[in-house]
Number of protein chains: 2
Amino acid sequence: MTLPTTMRQLRSLVTADGTLELSLATVDVPEPAGHEVLVRIDAAPINPSDLGLLLAMADVESATASGPADDPVVRAPIAANVMAGLAPRVGESMPVGNEGAGVVVAAGDDPAAQALLGRTVAIIGGATYGQYRAVPATSCLELPDGTDPRDGASCFVNPLTALGMVETMRMEGHTALVHTAAASNLGQMLVKICLADDVPLVNVVRRPEQADLLRGLGAVHVCDSSSPTFLDDLTAALTATGATLAFDATGGGRLAGQILASMERAINARATEYSRYGSSVHKQVYIYGGLDRSPTEFQRNFGMAWGIGGWLLTPFLMKLGVPGMLRLRQRVVDELTTTFASHYTDEVSLAEALSLDAIRTYAKQATGQKFLIRPNAR
Amino acid sequence: MTLPTTMRQLRSLVTADGTLELSLATVDVPEPAGHEVLVRIDAAPINPSDLGLLLAMADVESATASGPADDPVVRAPIAANVMAGLAPRVGESMPVGNEGAGVVVAAGDDPAAQALLGRTVAIIGGATYGQYRAVPATSCLELPDGTDPRDGASCFVNPLTALGMVETMRMEGHTALVHTAAASNLGQMLVKICLADDVPLVNVVRRPEQADLLRGLGAVHVCDSSSPTFLDDLTAALTATGATLAFDATGGGRLAGQILASMERAINARATEYSRYGSSVHKQVYIYGGLDRSPTEFQRNFGMAWGIGGWLLTPFLMKLGVPGMLRLRQRVVDELTTTFASHYTDEVSLAEALSLDAIRTYAKQATGQKFLIRPNAR
């Protein structure tokens with residue numbers, strides 16, 4: 001097989017005048033170094049964690065498109081207060097895409113690289129929204145023969161995040177979990193992991209049909225935040241599970257504080273004496289997403305033993321260490337089409353990923369909607 | 001000296017119908033057990049941390065008083081949403097007062113207890129708003145001969161909290177501090193500690209005259225939140241000090257989030273490349289007070305490496321361990337009239353502490369205003 005010398009790669013550029021510019025660049029196909037392999041990217045998901053780099057919080061509703069359909073250029077304005085945080089990337093055309101899967105079509109001289117020739121692998125590390133990507137052989141996750149790259153496209157971000165929540169729970173001494181936006185692809189994985197691992201899980205969803213979906217997977221505790229009895233339902237589920245750790249994908253609004261307050265109510269319901277500073281049981285919410293961009297707001301009505309903080313996959317994996325990470329990766333491969341199966345509503349080419357309709361759809365991060373880019377689809 | 005058999009003790013009661021009732025009870029003077037001493041309480045401060053138990057978040061502006069001036073009964077309404085959190089204390093008349101100082105007037109048979117007879121000691125552990133208190137000899141902090149009990153009244157809460165902030169900074173790997181409501185008694189102690197220990201400190205105050213007071217003590221970085229340039233001043237001070245840990249006494253409003261965002265700006269100002277999830281430097285705000293009762297609100301514009309949480313002295317001391325605690329206690333004794341000098345604006349008897357004027361004044365927790373109760377003053 002002869003490889004092309006150039007390829008298409010999706011680029012995101014922020015200009016000094018406050019414009020986001022999305023386009024497809026034509027770049028050289030990289031030559032793998034001795035320890036590297038060249039992966040033909042067959043499938044790469046658009047995860048919420050890709051959107052910050054891709055869209056730079058631009059106003060996509062005001063976006064305009066120009067150029068031919070197979071070589072579009074999209075421009076969208078960026079608010080002035082957002083621009084302040086983007087200064088370090090102004091003027092730099094950046095490749096995008098955290099993860100993907102495909103076939104190794106070339107390899108460096110090292111035996112470990114050569115051994116992967118022809119194999120289907122999953123990769124993480126950026127620039128997966130392009131036709132080819134050179135990566136170190138050691139960073140590839142080798143998939144079983146015959147794996148459809150579409151099944152391997154989301155091997156890292158969602159599976160490791162879901163597994164990371166359970167690992168964090170154990171590392172920090174909690175015994176049960178709360179998860180919000182629980183009907184997401186990631187949320188469904190977490191339901192299956194917790195069932196398998198016997199971890200009590202409280203799922204918070206926003207609509208009745210999402211509750212039905214999770215119950216269909218075997219979820220025991222599902223609380224619908226659109227219900228008038230939500231806070232009582234949540235407190236009852238927290239009392240039943242004893243959960244004192246939550247992972248919140250929404251970030252904004254009052255949900256994080258409501259969870260802490262409900263945890264405190266659940267704890268105090270079992271308390272036998274008055275504690276002037278509230279319970280001494282530490283209650284923690286980690287915010288790992290930003291589905292709700294509004295400010296985070298809470299009453300401090302949950303004692304003094306509490307924390308809210310950011311949670312990000314990469315620092316967690318560094319804390320977990322290499323043996324732990326390898327253990328999690330192996331579990332992902334073993335359960336790729338069961339626990340960690342992903343569902344995509346839209347498969348698009350690189351050019352189609354830059355249609356205004358597509359952008360406005362995935363920018364919404366609606367639960368259930370998920371895009372898969374197929375960079376080598378024609 | 002013959003001891004009385006009964007004594008007066010301040011009591012706080014929450015009734016089932018949602019009323020706070022403050023009064024002076026007449027109770028038996030306790031008989032010290034073998035390992036205990038009986039302390040005549042000569043001075044006990046009203047700290048912000050006493051107000052939760054004392055006032056139960058009642059509406060003191062609507063309080064009414066009855067009874068004679070030397071035996072007052074004060075009643076104030078408690079809001080229904082506050083009552084929910086007070087259920088475990090309803091109907092229980094509770095003694096109040098976290099700390100105080102006085103003279104050991106009786107002791108149990110144990111030699112350690114006998115050795116303290118006649119000594120001036122500081123104590124912590126509740127019920128110090130009364131004429132006498134029996135405590136284990138081991139929990140007394142022995143003060144040098146001739147110490148005025150008024151100088152020893154606040155040996156624990158403020159000094160150990162201020163020292164605990166610096167210890168927490170070291171334990172959690174930070175190298176500089178931010179402190180809000182920095183002109184308080186505690187804040188002034190912290191300024192002196194940080195100067196002595198060479199810890200860069202950013203003081204946040206709310207009025208220009210408070211900034212002058214702290215600069216008079218030698219404070220280098222003082223930011224006035226009433227200034228139109230506050231956020232820029234804060235960022236500049238954070239850039240100069242590299243502080244990534246803050247202790248916030250206000251709790252409510254936007255200050256905690258503003259501090260995190262300014263920390264992130266200070267960090268990014270030194271960054272050489274764009275990081276899509278913000279800086280990887282962990283930024284932490286501990287809320288240890290609630291001067292601002294409004295909800296806490298923040299934009300999440302400071303990356304993903306951040307935390308906000310409650311901080312309380314007792315759990316911190318348990319984490320520090322006994323040798324560490326003894327080290328801090330010794331420092332308090334050694335520097336009692338210098339670093340840890342407290343200033344009181346009002347000295348009151350037990351009955352005077354229940355005058356409506358006094359209650360409404362100390363309930364405000366205004367910086368600079370501080371009450372000292374002298375339970376044995378006539």
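Where a number appears in this text, it was derived from the coordinates with a stated rule and is not lab data. Please read all numbers here as calculations on a predicted model, not as lab measurements. Positions of Cβ are backbone-derived with ideal geometry, glycine not excepted, and every protein chain shown enters the neighbour counts.
Rounded to the nearest 500, what is the 222 nm mean residue ellipticity of chain B from helices alone, with -39500 (n - 2.57) per DSSP H run of 4+ residues and division by all residues?
So the calculated ellipticity at 222 nm is -9000 deg cm²/dmol.
Build a GNM of chain B with springs between Cα atoms under 10 Å: which of B:F247, B:F298, B:F340 gets the top mean-square fluctuation?
Of the options given, B:F298 has the highest mean-square fluctuation.
In whole angstrom, how far apart do the alpha carbon centroids of region A:300-378 and region B:131-205 sit?
46
Quick check: net charge around B:L116, other residues with Cβ under 12 Å of its Cβ, Lys/Arg +1 and Asp/Glu -1?
Net charge in that neighbourhood comes out at -2.
Give the calculated FRET efficiency between A:V90 and A:D346 to the nearest 0.05, with a Förster radius of 45 Å applied to their Cβ-Cβ distance.
On the way: r = 31 Å, r/R0 = 0.68.
My answer for the efficiency is 0.90.
Out of all Cα-Cα pairs in chain A, roughly what percent, to the nearest whole number, are more than 27 Å apart? Let's see the in-between values first.
Values: 37206 of 71253 pairs.
Pairs farther apart than 27 Å: 52 percent.
Once the label point is placed 7 Å from Cα along Cβ, list for A:T138 the distances to the corresponding points in the other copies, in nm, shortest first.
Those label-point separations list as 5.2 nm.
Here are some pairs, A:K283/A:K319; B:K192/B:K370; A:K283/B:K364; A:K319/B:K319; B:K283/B:K319; A:K283/B:K192; which of them have Cα atoms lying more than 24 Å apart in this structure? All intermediate terms of the calculation are to be shown ahead of the outcome.
Values: A:K283/A:K319 21 Å; B:K192/B:K370 19 Å; A:K283/B:K364 29 Å; A:K319/B:K319 22 Å; B:K283/B:K319 21 Å; A:K283/B:K192 34 Å.
Too far apart for the 24 Å limit: A:K283/B:K364; A:K283/B:K192.
Compute the label-point distances linking B:P68 to its equivalents in the other copies; points lie 7 Å from Cα along Cα→Cβ; give nm, one decimal, shortest first.
Nearest to farthest, the other copies are at 10.2 nm.
Enumerate the calculated ³J(HN,Hα) couplings along region A:301-307 in order (Karplus 6.51 cos²θ - 1.76 cosθ + 1.60, θ = phi - 60°), each rounded to whole Hz, writing x wherever the residue is Gly or Pro.
10, 9, x, 10, 9, 8, x
Using the number of other C-beta atoms within 10 angstrom as an exposure proxy, rank B:S342, B:S139 with the fewest first.
Ordered by Cβ neighbours within 10 Å, fewest first: B:S139, B:S342.
DSSP beta bridges in chain A, what fraction antiparallel, as a percent rounded to 5?
The antiparallel fraction comes to roughly 60 percent.
Report the convex hull volume per residue for region A:36-103, counting only C-alpha atoms, in Å³.
About 140 Å³ per residue, rounded to a whole number.
If I fit a long axis through the Cα atoms of helix A:255-268 and take the longest principal axis of the Cα atoms of chain A, what angle between them do I get, 0 to 90°, rounded to 10?
Here the helix axis deviates by roughly 40 degrees.
How far, in nm to one decimal, is A:A33 from itself in the other copies if the label point is set 7 angstrom along Cα toward Cβ? Shortest first, please.
7.0
Helix A:230-241 sits at what angle to the longest principal axis of chain A, using alpha carbons and giving 0 to 90 degrees rounded to 10?
90
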